[in-house]
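Remarks on the structure that follows.
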Amino acid sequence: SRPIRVSIHLHPYGEGRKLLLSRDVTALEQAEAMRRDFVANVSHEIRTPLTVLAGFVETLRTLPLNESERGRYLALMAQQSERMQTLVNDLLTLSRLEGRPPPGAAEWTPVHSLLERCLQEARTLSALVTRGETAGHELRFDPAPSPRSMGEIAGAPNELHSALSNLLNNAVRYTPAGGVIEVQWRVLPDGRAEFSVKDSGPGIAPEHIPRLTERFYRIDRSRSRETGGTGLGLAIVKHVAQRHGAELRIDSTPGLGSTFSIIFPASRIKGPGGEAPAPAP
Ligand code: ADP
């Protein structure tokens, strides 16, 4: 039921005759509108920390501050430049993902080492965001796997790392201190494999779920900013999943928590001791 925009063009066609050409330009206009939104969003996201930075520079230049005040301002300035760096890095990651062909299946990575690395980083982030709280997060594998039992996955290791750690880091960032985060890796009976992160955080209302993978879509802007979010994480996850022929699923109950999973196709999974099937995207 969406409106359709049509462009009409009268083309000379033989003596005194005209050919009526019509073209559906809805998709073109939508793409153009999305591009404009994107540029506006990027500009806004960069302008905010820049404005804050410029303000601090001005303060340092004009106010007579003591050593500890100067230190405080410099720390705040470092925070803002870090924020811009993260944003630019995420933008570059996204544009690389969009511009390149999907990764072949030639490179196999042990799942256990991939997950251990993500988990380690999530623990570091957790320690940082729950600093000063009485409890940290309980971060665990469920069930505890043995390295050999997890098999291998085919794809671009850095992309896979970025997708899995984005989901884990989100769980850490949105789950209040004292919450539980469970990571699971399961090879399904049909040979596909599911990576999932379940948290005991605030959960997500159903109306937001379909939009979460849009660039810069956030439910709570200030919460996202506070914890260093760029609003691009889930867009990156979705791209990586698509490029590996995988599916991203989001399941959530407001008040109880969320589960984010990526289901990889059997062609990219090599079970422990199993034969690798012919790699395919
Ligand atoms: P951000 O950098 O803002 O976290 P993302 O693309 O990673 O951007 O996520 C988009 C939005 O989805 C977040 O701003 C947040 O509102 C919501 N979100 C993501 N993960 C979770 C989670 N585990 N629990 C609750 N909300 C989440």
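The values are calculated or read from the model by the stated rules, or taken from the named source; none is laboratory data. Source: prediction; values computed, not measured. Positions of Cβ are backbone-derived with ideal geometry, glycine not excepted, and every protein chain shown enters the neighbour counts. Ligands, DNA and RNA are excluded from the accessible area calculation, which covers all protein heavy atoms including side chains. Shrake-Rupley method; radii C 1.70, N 1.55, O 1.52, S 1.80 Å.
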Considering each residue of region 195-217, count those that are within 8 Å of the ligand (Cβ to nearest atom), surrounded by fewer than 22 Cβ atoms within 10 Å (Cβ to Cβ) and not in a loop (DSSP other than H, G, I, E, B), and give that number.
-> 0
Region 232-247, subset more than 8 Å from the ligand (Cβ to nearest atom) and assigned to a helix (DSSP H, G or I), residue surrounded by the fewest Cβ atoms within 10 Å (Cβ to Cβ) = GLN242
Mind counting the residues in region 19-77 that are of a type in the set (A, V, I, L, M) and open to solvent by 80 Å² or more (accessible area, probe 1.4 Å)?
-> 6
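Residues in region 178-187: is at least one assigned to a loop (DSSP other than H, G, I, E, B), of a type in the set (D, E, K, R) and at pLDDT below 95? Can you show your working first?
In the first step, residues of region 178-187 are kept if they are assigned to a loop (DSSP other than H, G, I, E, B); the result is 178-179.
Now drop any that are not of a type in the set (D, E, K, R), which leaves none.
No, region 178-187 contains no residue that is assigned to a loop (DSSP other than H, G, I, E, B), of a type in the set (D, E, K, R) and at pLDDT below 95.
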Does region 167-190 hold any residues that are surrounded by fewer than 21 Cβ atoms within 10 Å (Cβ to Cβ) and within 18 Å of ARG249 (Cβ to Cβ), and which are they?
-> GLU182, GLN184, ARG186, VAL187, LEU188, PRO189, ASP190
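Keeping to region 218-231, report how many residues are in contact with a Lys or Arg (Cβ under 6 Å, 6 or more places away or on another chain) and near the ligand (Cβ under 6 Å from one of its atoms). Talk me through it step by step, then tell me what you get.
Of all residues in region 218-231, those in contact with a Lys or Arg (Cβ under 6 Å, 6 or more places away or on another chain) come to 224, 227, 231.
Cutting the leftovers down to near the ligand (Cβ under 6 Å from one of its atoms) gives us 224, 231.
Here the count works out to 2.
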Failed condition for GLY255, given (1) more than 12 Å from the ligand (Cβ to nearest atom); (2) on the phi > 0 side of the Ramachandran plot | (1)
